[in-house]
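Rule-based calculations on the coordinates, nothing more; no lab input. Please read these numbers as outputs of a predicted model, since none were measured by experiment. Glycine also receives a Cβ, built like all others from the backbone with ideal geometry; neighbour counts cover every protein chain displayed.
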Amino acid sequence: MSQADGSRRPGPLARFTVLDASRVRAGPTAVRTFADLGARVIKLEIPPGAPGGDDMIGGRDHNRADYENLHRNKESLTLNMKAPEGREILHALVRRADVFIENYRPDVKHRLGIAPDDLRAVNPRLVYASISGFGQDGPAAGWPGFDSIAQGMGGLMSVTGRPGDGPLRAGIPIADLCAGHFCAQAILAALLEREATGEGQWVQTSLLEAQIAMLDFQAAQWLVDHKVPLATGNEHPLTVPTGVFATSDGHINIAAIGQTMWRRLCEALDAPQLVDEPGFGSDPERVRNRERVNAAVGERLKRHSTAYWTDRLLGVGVPCGPIHSVDQVFQDAQVRHLGIARPMRHPQLGDIELVGLPMQFSRHPRADIPLDPAPEQGEHTDSILHELGYAPERIAQLRERFVV
C-alpha cells in the first residue's frame, strides 16, 4: 500500500504499512518508531461528531507540542469501526497492511469484532499488536491502564526518591514509553519471523510487564537474592561514591565505580589519603560508610565549579557530567553535534524542532528522513478511500452517517 500521494517516505521500513488504532501514549510511541523509519502509518480516528473522540493526553486540542511529538509522519483516516460499513473499510485496509496496533482495554476489540482472529482471518500475514495496562487476561486485566499506576504496581516508585521520603514517580511516563518500545521490538521480531513462515501473529505487551522488565538489577536482587531493594535517592545502591554532588555553582554527577576509579577520584580531589581511609577500602566498605564517604568527597567538590570538576575528573578517567535542565540539554555541544533535535516546518506553528529517533543507519542517515507534521483529524480520509476504490459520492454518504 503506497502513500496517499503515491510516494513513499524514505527509510529502512518504507515497504511496510501500519494501521494505528492506538491512543494516549504507549501505542503512539510504538507506532512513531515505524513512522520515523519510513513506514506508511494510517492513524484511525473517530469521525468528527461521533461519540467517544480522543480527548486524552496527547490530544491535539490539549497539548499541540505533545501531539506533534507523538503523531508526526502519519496520515489520518476517520473511521467508525462500530459500524458495519466502517468494518468493511477496515477490512479493505487490513488486506493491504502489515501491522495493526491497538491499546484498548482487552475486551473492547472483541466487542467491536476487530480482535486478532477477526482481522487475521482477513489477512493471515497481519501482525496484530496489543498494548494493555496489565495484560490481556488475569485478575487486573480490566483495570484502566495509566503510567503512574503501572509505576507503582511495577515496583519503580518504591526504589525512586530519597530514603524515608516515600514512593516517588519518575519524571517521565516511563511505563508508557517502555511498553511502546517493547511493542515495536515485538512487531519487528514478528515481521522477521513472517519472512520465514509467511504468517503473521498476535504480539502483546503491557505497561506492567514493561515496568517490571525495566527494574533490571533491582528485580534480580529480589528474584535471586531475596533482598528487597530500597530507595537510595541519587546514589547507586551498590557502589559509592556514585551520585549527585554540589559544586560551587551547581551540581555534578559522578560514577566512581570500583577501586581504580576511587583511587583516581581521590587523586583528582587532591585527597590521596582517602584511598586508605579506614572503611573506605572497597565498594562494600564504602557502601556501609556511605555518609562518611560522601561527606569527604562532597566537601572538596564544593570548592570549584561544575565545569572545573568535569574537566579535571574526565582528564583522569573518572566518569562524570553536568546535570542539565531541559533547555540546557539542547544547548549542550554534544547534543547539538548528534543532531537529535530535528527541524520541521509546521503550517500553523512555523519552524519548530522535535526529538528524532535515537538511532542512526549508515544507509538511511537521520538527517535524510524528513519529519512531516502530525495530520489534522481526517486529513487523508478522502485520498485513502479513493485509493481503496470509493467514489466521491459514496464517501459523502459515509460522512453523512458518521461512518468516516
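With an a/c value of 1.5 or above and a/b larger than b/c for the gyration tensor axes a ≥ b ≥ c computed over the alpha-carbon atoms, segment 77-174 is described as prolate.
When the trypsin sites (Lys or Arg not before Pro) in segment 351-404 are filtered for DSSP coil states and for at most 10 other beta-carbon atoms within 10 Å of their beta-carbon, the remaining sites are R363. Proximity of backbone amide H atoms, modeled 1.01 Å from N, is registered between V203 and Y128, A129, S130 at under 5 Å, excluding neighbours fewer than 5 places apart on the same chain.
Only lysine pairs 8 or more places apart, or on different chains, with alpha-carbon atoms under 18 angstrom apart are counted in the chain, and they number 4.
Projecting label points 7 angstrom from Cα along Cα→Cβ for R336 and L230 puts them 4.5 nm apart. Once backbone amide H atoms are built at 1.01 Å from N, G378 has L77, T78 as its partners under 5 Å, excluding neighbours fewer than 5 places away on the same chain. Where both bridge residues fall in the chain, DSSP classifies roughly 40% of the beta bridges as antiparallel.
Among the chymotrypsin sites (Phe, Trp or Tyr not before Pro) found in segment 296-342, those both in a DSSP coil and sparsely packed, with 14 or fewer other Cβ atoms within 10 Å of their Cβ, are F330. The modelled label-to-label distance for the pair L168/E376, using points 7 Å beyond Cα in the direction of Cβ, is 4.5 nm. Computed from Cα positions, the angle between helix 290-301 and the longest principal axis of the chain comes to roughly 90 degrees. Each label was represented as a point 7 Å from its Cα along the Cα-to-Cβ direction; for L357 and T260 these points are 3.5 nm apart. I'd like the FRET efficiency for E88 and R8, computed as 1/(1 + (r/R0)^6) with the beta carbon distance as r and R0 of 25 Å, rounded to 0.05. Calculated value: 0.40.
Charge dipole (Cα centre; +1 on Lys/Arg Cβ, -1 on Asp/Glu Cβ; no other charges) of the chain amounts to roughly 280 debye.
Multiplying each eigenvalue of the alpha-carbon gyration tensor of the chain by 5 and taking the square root yields semi-axes of 48, 24, 18 Å, largest first, rounded to whole angstroms. Restricting the calculation to Cα atoms, every distinct pair contributes to the Kirkwood radius of segment 242-322, found to be 12.4 Å.
Counting every alpha-carbon pair across segment 279-318, the share separated by more than 15 Å comes to 53%.
Quick note on segment 187-279: its Rg to Rh ratio, both from C-alpha atoms and Rh being the Kirkwood radius, is 1.23. The Cα-based radius of gyration of segment 313-404, divided by its Kirkwood radius, gives an Rg/Rh of 1.25. Classification of segment 126-245 by its C-alpha gyration tensor yields a prolate form. The axis ratio a/c (a ≥ b ≥ c) is 1.5 or more, and a/b outweighs b/c.
Ranked by the mean number of other Cβ atoms within 10 Å of their residues, highest first, the peptides 313-326, 179-192 come out as 179-192, 313-326. Estimated purely from DSSP H runs of n ≥ 4, each contributing -39500 (n - 2.57), the mean residue ellipticity at 222 nm for the chain is -11000 deg cm²/dmol once divided by its residues.
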